[in-house]
Amino acid sequence: MDKEDRILQLNRLLANLFVLYIKFHRYNWYVKGEQAIALKGWFEQYSCQVKQHVDEVAELILLMDGQPFATMEKYVKETTLQEATADDETIEMLNQLKADASLILQEVNGLLKASEKDYVHRVIVQTITTLEKTLLHIRYECKQYLK
């Protein structure tokens, strides 16, 4: 994978993370029901973590002399996630977040496999390792709430 392809893949990851960040934000506003208080805290926690990953991926793109996507138009065009639609059904919210985390994990895995084993690859791995941990926690906790 050449540098431009790697930057494009990282920008797509950036777009997905930004859309995921907005979903957590939105769901925090709209969650209702018995678990609303617990989920509001959970949505806020992961919103902050995902936003940090957005910044880390953008920083990585800049370190590679790339230009991170920085407009909503670009994020929406390049994301592989679906727009948030579950405004009032907690189960739908959690199912969407679980599916999003799984999809991003698959794409991260593809990015790592396609990357060359050089210093940039090591920086990508370091950046993505914490992201993977966050996504695995999101997926796990969604499953727990859905039980």
**Asked** Considering only region 48-64, how many residues are farther than 18 Å from TYR75 by Cβ and surrounded by fewer than 14 Cβ atoms within 10 Å (Cβ to Cβ)?
**Response** 2
**Request:** Collect the residues in region 1-28 that are in contact (Cβ under 8 Å) with a residue 40 or more places away in the chain and in a loop (DSSP other than H, G, I, E, B), keeping them in residue-number order.
**Result:** MET1
**Message:** Within region 96-122, take every residue that is assigned to a helix (DSSP H, G or I) and exposed (fewer than 14 other Cβ atoms within 10 Å of the Cβ) and give me the one that is modelled with the lowest pLDDT.
**Reply:** TYR119
**Asked** Restricting the first residue to region 29-47 and requiring it to be modelled with pLDDT of 90 or more and exposed (fewer than 15 other Cβ atoms within 10 Å of the Cβ), which pairs with a second residue that is in a helix (DSSP H, G or I) and among the acidic types (Asp, Glu) meet a Cβ separation below 6 Å and a spacing of at least six or different chains?
**Response** none
**Prompt:** Regarding GLY41, is this residue among the small types (Gly, Ala, Ser), out of contact with any Pro (no Cβ under 9 Å at 6 or more places or on another chain) and not in a helix (DSSP H, G or I)?
**Reply:** no
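The values are calculated or read from the model by the stated rules, or taken from the named source; none is laboratory data. No experiment lies behind these values; they were computed from the predicted model shown. Cβ sites come from the backbone with ideal geometry, for glycine too, and all protein chains shown count toward neighbours.
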